[in-house]
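Here's the structure, in C-alpha coordinates; my notes come after.
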Amino acid sequence: MNLDGLPVPGAAAPTLAIALALAWAWDARWGEPADRWHPVAWLGRLLGPLGRWLCGRPPRQALIGGALAWLALAAALAVLAAGWQAATQALPIWLGAPLAALALKPLFAWRMLRDEVAAVEAALAESLSAGRSRLAWLVSRDTAALDAAQVREAALETLAENLNDSLVSPLLWLLLAGLPGMAVYRLANTADAMWGYRGRWEWAGKWAARADDVLSWPGARLTALALRLAAGWRRVDARQLAVEARRTPSPNGGWPMGTLALALDVRLGKPAVYTLHAAGRSPTADDLARGLQLAARAAWGAAAGAFAWLLLIGWVGGRT
(Lines give C-alpha, C1' and ligand atoms only; values in the text may rest on other atoms or scores of the structure.)
Protein backbone atom coordinates (compact mmCIF):
# COMPACT_ATOMS: atom_id res chain seq x y z
CA MET A 1 0.00 0.00 0.00
CA ASN A 2 1.46 3.37 -1.05
CA LEU A 3 0.58 6.04 1.53
CA ASP A 4 2.53 8.87 -0.07
CA GLY A 5 -0.65 10.22 -1.66
CA LEU A 6 -2.23 10.85 1.75
CA PRO A 7 -2.15 14.33 3.30
CA VAL A 8 0.10 12.84 5.99
CA PRO A 9 2.28 10.43 3.96
CA GLY A 10 3.85 7.43 5.60
CA ALA A 11 7.29 9.03 5.51
CA ALA A 12 6.13 12.12 7.45
CA ALA A 13 3.98 10.32 10.02
CA PRO A 14 6.77 9.13 12.39
CA THR A 15 8.20 12.64 12.62
CA LEU A 16 4.75 14.10 13.30
CA ALA A 17 3.97 11.39 15.87
CA ILE A 18 7.09 12.17 17.89
CA ALA A 19 6.48 15.90 17.39
CA LEU A 20 2.98 15.50 18.79
CA ALA A 21 4.30 13.64 21.85
CA LEU A 22 6.89 16.37 22.45
CA ALA A 23 4.33 19.14 21.97
CA TRP A 24 1.91 17.42 24.35
CA ALA A 25 4.65 17.11 26.97
CA TRP A 26 5.45 20.81 26.50
CA ASP A 27 1.79 21.72 26.93
CA ALA A 28 1.46 19.59 30.06
CA ARG A 29 4.57 21.11 31.64
CA TRP A 30 4.56 24.74 30.51
CA GLY A 31 1.34 25.49 28.62
CA GLU A 32 1.37 28.23 26.01
CA PRO A 33 4.45 30.08 24.75
CA ALA A 34 4.65 33.78 25.60
CA ASP A 35 2.65 35.99 23.25
CA ARG A 36 5.78 37.41 21.65
CA TRP A 37 6.67 33.88 20.47
CA HIS A 38 3.13 32.64 19.77
CA PRO A 39 2.10 32.41 16.07
CA VAL A 40 -1.62 32.50 16.95
CA ALA A 41 -1.02 35.75 18.87
CA TRP A 42 0.79 37.13 15.83
CA LEU A 43 -2.19 36.14 13.72
CA GLY A 44 -4.52 37.91 16.13
CA ARG A 45 -2.47 41.11 15.88
CA LEU A 46 -2.84 40.95 12.10
CA LEU A 47 -6.55 40.09 12.08
CA GLY A 48 -7.51 42.87 14.50
CA PRO A 49 -6.67 45.96 12.42
CA LEU A 50 -7.56 44.18 9.17
CA GLY A 51 -11.01 43.36 10.54
CA ARG A 52 -11.58 46.90 11.76
CA TRP A 53 -10.66 48.24 8.32
CA LEU A 54 -13.07 45.81 6.66
CA CYS A 55 -15.85 46.85 9.04
CA GLY A 56 -15.61 50.38 7.65
CA ARG A 57 -16.40 49.19 4.12
CA PRO A 58 -19.91 48.91 2.61
CA PRO A 59 -21.49 45.47 3.21
CA ARG A 60 -20.70 44.01 -0.21
CA GLN A 61 -17.09 45.17 -0.08
CA ALA A 62 -16.74 43.95 3.50
CA LEU A 63 -18.09 40.51 2.57
CA ILE A 64 -15.83 40.10 -0.46
CA GLY A 65 -12.84 41.62 1.31
CA GLY A 66 -13.31 39.37 4.33
CA ALA A 67 -13.47 36.28 2.14
CA LEU A 68 -10.43 37.26 0.05
CA ALA A 69 -8.40 38.16 3.15
CA TRP A 70 -9.26 34.83 4.76
CA LEU A 71 -8.36 32.87 1.61
CA ALA A 72 -5.07 34.75 1.18
CA LEU A 73 -4.07 34.14 4.80
CA ALA A 74 -5.09 30.48 4.56
CA ALA A 75 -3.00 30.00 1.43
CA ALA A 76 0.02 31.72 2.99
CA LEU A 77 -0.21 29.68 6.19
CA ALA A 78 -0.68 26.43 4.27
CA VAL A 79 2.42 27.10 2.16
CA LEU A 80 4.52 28.03 5.19
CA ALA A 81 3.33 24.99 7.17
CA ALA A 82 3.86 22.65 4.21
CA GLY A 83 7.39 23.96 3.78
CA TRP A 84 8.14 23.50 7.49
CA GLN A 85 6.73 19.96 7.42
CA ALA A 86 8.75 19.05 4.34
CA ALA A 87 11.93 20.51 5.84
CA THR A 88 11.54 18.64 9.13
CA GLN A 89 10.75 15.42 7.29
CA ALA A 90 14.01 15.72 5.35
CA LEU A 91 16.05 15.96 8.56
CA PRO A 92 17.07 13.08 10.83
CA ILE A 93 14.12 12.31 13.07
CA TRP A 94 16.00 13.29 16.25
CA LEU A 95 16.26 16.84 14.84
CA GLY A 96 13.18 17.01 12.60
CA ALA A 97 10.70 15.96 15.29
CA PRO A 98 11.62 18.70 17.82
CA LEU A 99 11.51 21.30 15.05
CA ALA A 100 8.11 20.03 13.94
CA ALA A 101 6.96 20.20 17.57
CA LEU A 102 7.88 23.91 17.66
CA ALA A 103 5.33 24.53 14.91
CA LEU A 104 2.77 22.05 16.22
CA LYS A 105 2.54 23.15 19.87
CA PRO A 106 1.11 26.67 19.32
CA LEU A 107 -1.66 25.18 17.17
CA PHE A 108 -3.43 23.43 20.07
CA ALA A 109 -4.04 24.29 23.72
CA TRP A 110 -5.27 22.02 26.48
CA ARG A 111 -3.49 23.12 29.67
CA MET A 112 -4.46 26.77 29.22
CA LEU A 113 -8.13 25.85 28.75
CA ARG A 114 -8.10 23.59 31.81
CA ASP A 115 -6.35 26.16 33.96
CA GLU A 116 -8.56 29.07 32.91
CA VAL A 117 -11.77 27.15 33.63
CA ALA A 118 -10.42 25.97 36.99
CA ALA A 119 -9.51 29.58 37.77
CA VAL A 120 -13.17 30.59 37.47
CA GLU A 121 -14.11 28.24 40.30
CA ALA A 122 -11.15 29.40 42.37
CA ALA A 123 -12.31 32.99 41.90
CA LEU A 124 -15.88 32.07 42.83
CA ALA A 125 -14.54 30.67 46.10
CA GLU A 126 -13.36 34.19 46.87
CA SER A 127 -16.53 36.03 45.82
CA LEU A 128 -19.23 36.12 43.16
CA SER A 129 -17.75 39.36 41.83
CA ALA A 130 -14.34 37.74 41.43
CA GLY A 131 -15.89 34.76 39.65
CA ARG A 132 -17.73 37.02 37.23
CA SER A 133 -14.57 38.98 36.50
CA ARG A 134 -12.55 35.84 35.86
CA LEU A 135 -15.25 34.41 33.59
CA ALA A 136 -15.19 37.62 31.55
CA TRP A 137 -11.69 36.59 30.39
CA LEU A 138 -13.23 33.54 28.70
CA VAL A 139 -16.60 34.58 27.27
CA SER A 140 -17.99 37.43 25.21
CA ARG A 141 -21.32 37.60 27.08
CA ASP A 142 -22.01 40.19 29.78
CA THR A 143 -21.14 38.54 33.11
CA ALA A 144 -22.15 41.39 35.42
CA ALA A 145 -25.61 40.02 36.30
CA LEU A 146 -24.82 36.29 36.41
CA ASP A 147 -25.34 34.35 39.61
CA ALA A 148 -22.88 31.69 40.77
CA ALA A 149 -24.70 28.85 39.00
CA GLN A 150 -24.77 30.80 35.74
CA VAL A 151 -21.07 31.56 36.06
CA ARG A 152 -20.41 27.82 36.37
CA GLU A 153 -22.73 27.10 33.44
CA ALA A 154 -20.77 29.47 31.22
CA ALA A 155 -17.46 28.00 32.41
CA LEU A 156 -18.60 24.46 31.62
CA GLU A 157 -19.86 25.55 28.20
CA THR A 158 -16.50 27.18 27.48
CA LEU A 159 -14.72 24.01 28.59
CA ALA A 160 -16.81 21.78 26.31
CA GLU A 161 -16.84 24.01 23.24
CA ASN A 162 -13.17 24.93 23.43
CA LEU A 163 -12.16 21.32 23.97
CA ASN A 164 -13.16 21.01 20.32
CA ASP A 165 -11.85 24.35 19.09
CA SER A 166 -8.53 24.25 20.92
CA LEU A 167 -7.66 20.55 20.82
CA VAL A 168 -9.83 17.96 19.08
CA SER A 169 -10.37 19.78 15.79
CA PRO A 170 -6.71 20.87 15.48
CA LEU A 171 -5.62 17.27 16.05
CA LEU A 172 -8.17 16.00 13.55
CA TRP A 173 -6.91 18.41 10.89
CA LEU A 174 -3.35 17.36 11.67
CA LEU A 175 -4.36 13.80 10.79
CA LEU A 176 -6.33 14.85 7.72
CA ALA A 177 -3.91 17.37 6.22
CA GLY A 178 -0.74 17.53 8.28
CA LEU A 179 0.65 20.79 9.65
CA PRO A 180 -0.99 22.82 6.83
CA GLY A 181 -4.44 21.54 7.81
CA MET A 182 -3.80 22.31 11.47
CA ALA A 183 -2.58 25.84 10.67
CA VAL A 184 -5.55 26.64 8.44
CA TYR A 185 -7.94 25.38 11.09
CA ARG A 186 -6.40 27.65 13.72
CA LEU A 187 -6.80 30.56 11.30
CA ALA A 188 -10.47 29.66 10.84
CA ASN A 189 -11.11 29.45 14.56
CA THR A 190 -9.18 32.61 15.40
CA ALA A 191 -10.79 34.63 12.60
CA ASP A 192 -14.24 33.47 13.69
CA ALA A 193 -13.52 34.46 17.29
CA MET A 194 -12.39 37.93 16.21
CA TRP A 195 -14.60 38.64 13.19
CA GLY A 196 -17.57 36.29 13.43
CA TYR A 197 -19.96 38.58 15.31
CA ARG A 198 -23.18 40.26 14.28
CA GLY A 199 -23.61 44.01 14.24
CA ARG A 200 -20.87 45.97 12.53
CA TRP A 201 -18.75 42.82 12.17
CA GLU A 202 -21.39 40.74 10.42
CA TRP A 203 -20.45 41.28 6.77
CA ALA A 204 -16.68 41.36 7.28
CA GLY A 205 -16.84 38.19 9.38
CA LYS A 206 -19.49 36.21 7.52
CA TRP A 207 -17.00 34.13 5.52
CA ALA A 208 -14.84 33.51 8.60
CA ALA A 209 -17.86 32.35 10.61
CA ARG A 210 -19.04 29.95 7.89
CA ALA A 211 -15.52 28.59 7.31
CA ASP A 212 -15.18 27.84 11.00
CA ASP A 213 -18.60 26.13 11.02
CA VAL A 214 -17.56 23.85 8.15
CA LEU A 215 -14.08 23.02 9.45
CA SER A 216 -15.30 22.46 13.02
CA TRP A 217 -18.23 20.21 12.01
CA PRO A 218 -16.49 16.81 12.23
CA GLY A 219 -14.40 17.74 15.27
CA ALA A 220 -17.42 18.87 17.29
CA ARG A 221 -19.03 15.46 16.89
CA LEU A 222 -15.76 13.69 17.70
CA THR A 223 -15.45 15.85 20.82
CA ALA A 224 -18.94 14.77 21.86
CA LEU A 225 -17.88 11.16 21.28
CA ALA A 226 -14.71 11.61 23.35
CA LEU A 227 -16.65 13.17 26.23
CA ARG A 228 -19.25 10.44 26.05
CA LEU A 229 -16.58 7.76 26.23
CA ALA A 230 -14.90 9.57 29.12
CA ALA A 231 -18.18 9.73 31.04
CA GLY A 232 -19.22 6.15 30.35
CA TRP A 233 -21.09 5.36 27.17
CA ARG A 234 -24.48 4.74 28.77
CA ARG A 235 -24.57 7.99 30.75
CA VAL A 236 -25.45 9.96 27.62
CA ASP A 237 -28.41 8.93 25.48
CA ALA A 238 -27.61 9.49 21.80
CA ARG A 239 -31.16 10.47 20.85
CA GLN A 240 -31.43 12.97 23.67
CA LEU A 241 -28.04 14.40 22.77
CA ALA A 242 -29.16 14.94 19.17
CA VAL A 243 -32.16 16.90 20.45
CA GLU A 244 -30.10 19.01 22.85
CA ALA A 245 -27.39 19.74 20.28
CA ARG A 246 -29.92 21.39 17.97
CA ARG A 247 -30.95 23.94 20.59
CA THR A 248 -27.92 26.18 20.10
CA PRO A 249 -27.57 28.71 17.24
CA SER A 250 -24.21 27.13 16.39
CA PRO A 251 -24.33 23.94 14.29
CA ASN A 252 -21.39 22.61 16.31
CA GLY A 253 -21.25 24.00 19.85
CA GLY A 254 -24.33 22.12 21.03
CA TRP A 255 -22.68 18.72 20.56
CA PRO A 256 -19.85 18.93 23.12
CA MET A 257 -21.87 21.23 25.41
CA GLY A 258 -24.91 18.96 25.30
CA THR A 259 -22.78 15.91 25.99
CA LEU A 260 -21.22 17.52 29.05
CA ALA A 261 -24.62 18.71 30.33
CA LEU A 262 -26.10 15.21 30.04
CA ALA A 263 -23.03 13.47 31.44
CA LEU A 264 -23.04 15.71 34.54
CA ASP A 265 -26.86 15.89 34.69
CA VAL A 266 -26.71 19.69 34.89
CA ARG A 267 -28.46 22.51 33.09
CA LEU A 268 -26.33 24.67 30.81
CA GLY A 269 -27.42 27.70 28.87
CA LYS A 270 -27.03 31.28 27.74
CA PRO A 271 -29.76 33.59 29.09
CA ALA A 272 -32.45 34.38 26.50
CA VAL A 273 -30.61 32.32 23.84
CA TYR A 274 -30.74 28.58 24.65
CA THR A 275 -30.96 26.04 27.46
CA LEU A 276 -29.41 22.58 27.34
CA HIS A 277 -30.81 19.74 29.45
CA ALA A 278 -33.41 21.94 31.09
CA ALA A 279 -34.36 19.13 33.49
CA GLY A 280 -30.84 19.08 34.95
CA ARG A 281 -29.84 20.75 38.19
CA SER A 282 -27.84 23.94 38.55
CA PRO A 283 -24.11 23.14 38.46
CA THR A 284 -22.13 23.23 41.69
CA ALA A 285 -18.41 23.44 42.42
CA ASP A 286 -18.30 19.64 42.43
CA ASP A 287 -19.89 19.56 38.97
CA LEU A 288 -17.25 21.93 37.62
CA ALA A 289 -14.54 19.70 39.09
CA ARG A 290 -16.14 16.61 37.52
CA GLY A 291 -16.46 18.43 34.21
CA LEU A 292 -12.75 19.18 34.25
CA GLN A 293 -12.02 15.52 35.00
CA LEU A 294 -14.17 14.35 32.07
CA ALA A 295 -12.60 16.90 29.74
CA ALA A 296 -9.13 15.81 30.84
CA ARG A 297 -9.91 12.18 30.04
CA ALA A 298 -11.32 13.19 26.66
CA ALA A 299 -8.28 15.39 25.94
CA TRP A 300 -5.78 12.65 26.77
CA GLY A 301 -7.83 10.17 24.77
CA ALA A 302 -7.85 12.47 21.73
CA ALA A 303 -4.10 13.04 21.94
CA ALA A 304 -3.40 9.33 22.40
CA GLY A 305 -5.66 8.47 19.47
CA ALA A 306 -3.95 10.97 17.19
CA PHE A 307 -0.52 9.68 18.25
CA ALA A 308 -1.54 6.06 17.64
CA TRP A 309 -2.97 6.89 14.21
CA LEU A 310 0.25 8.63 13.13
CA LEU A 311 2.29 5.67 14.35
CA LEU A 312 0.03 3.30 12.41
CA ILE A 313 0.39 5.34 9.23
CA GLY A 314 4.15 5.41 9.72
CA TRP A 315 4.32 1.65 10.38
CA VAL A 316 2.19 0.77 7.36
CA GLY A 317 4.15 3.18 5.21
CA GLY A 318 7.43 1.69 6.39
CA ARG A 319 6.32 -1.80 5.31
CA THR A 320 5.53 -0.74 1.75
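The values are calculated or read from the model by the stated rules, or taken from the named source; none is laboratory data. Note that the structure is predicted; figures quoted are calculated from it, not measured. Please note: Cβ atoms are built from the backbone with ideal geometry, for glycine as well, and neighbour counts cover all protein chains shown.
Looking at 46, 3, 22 in this structure, which one is within 22 Å of residue 307 (Cβ to Cβ) and either within 21 Å of the chain's Cα centre (by Cα) or modelled with pLDDT of 95 or more (or both)? Lay out the reasoning, then the answer.
Working: 46 fails: within 22 Å of residue 307 (Cβ to Cβ); 3 fails: either within 21 Å of the chain's Cα centre (by Cα) or modelled with pLDDT of 95 or more (or both).
After ruling out the rest, the residue left standing is 22.
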Checked region 26-40 for anything within 18 Å of residue 187 (Cβ to Cβ) and outside any helix (DSSP H, G or I); matches are 32, 33, 38
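Go over the candidates 254, 258, 314 one by one and state the one that is surrounded by 21 or more Cβ atoms within 10 Å (Cβ to Cβ), touching a Pro at 6+ places or on another chain (Cβ under 9 Å) and at negative phi.
Working: 254 fails: touching a Pro at 6+ places or on another chain (Cβ under 9 Å); 258 fails: touching a Pro at 6+ places or on another chain (Cβ under 9 Å).
Answer to the check: 314.
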Tell me which residues, restricted to region 92-132, are part of a loop (DSSP other than H, G, I, E, B) and either in contact (Cβ under 8 Å) with a residue 60 or more places away in the chain or buried (at least 22 other Cβ atoms within 10 Å of the Cβ) (or both). 108, 109, 110
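Let's see how each residue does on (1) of a type outside the set (Ser, Thr, Tyr); (2) in contact with a helix residue (DSSP H, G or I) (Cβ under 8 Å, 6 or more places away or on another chain); (3) under 23 Å from residue 212 (Cβ atoms):
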{"position": "48", "(1), (2), (3)": "yes, yes, yes"}
{"position": "52", "(1), (2), (3)": "yes, no, yes"}
{"position": "97", "(1), (2), (3)": "yes, yes, no"}
{"position": "129", "(1), (2), (3)": "no, no, no"}
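Do you know which residues across region 50-87 are among the aromatic types (Phe, Trp, Tyr) and within 30 Å of residue 101 (Cβ to Cβ)? Before the answer, list the steps.
So in region 50-87, the residues among the aromatic types (Phe, Trp, Tyr) come out as 53, 70, 84.
Listed by number, the residues that qualify are 70, 84.
Suppose we keep only residues that are without any contact (Cβ under 8 Å) to a residue 12 or more places away in the chain and of a type in the set (S, T, N, Q) within region 133-151. Which one would you say is surrounded by the most Cβ atoms within 10 Å (Cβ to Cβ)?
Out of the qualifying residues, it is 143.
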Say whether the condition of being out of contact with any Gly (no Cβ under 9 Å at 6 or more places or on another chain), in contact (Cβ under 8 Å) with a residue 40 or more places away in the chain and outside any helix (DSSP H, G or I) is met by at least one residue in region 47-67. no
If we ask which residues in region 167-179 are buried (at least 23 other Cβ atoms within 10 Å of the Cβ) and on the phi < 0 side of the Ramachandran plot, their number turns out to be 9
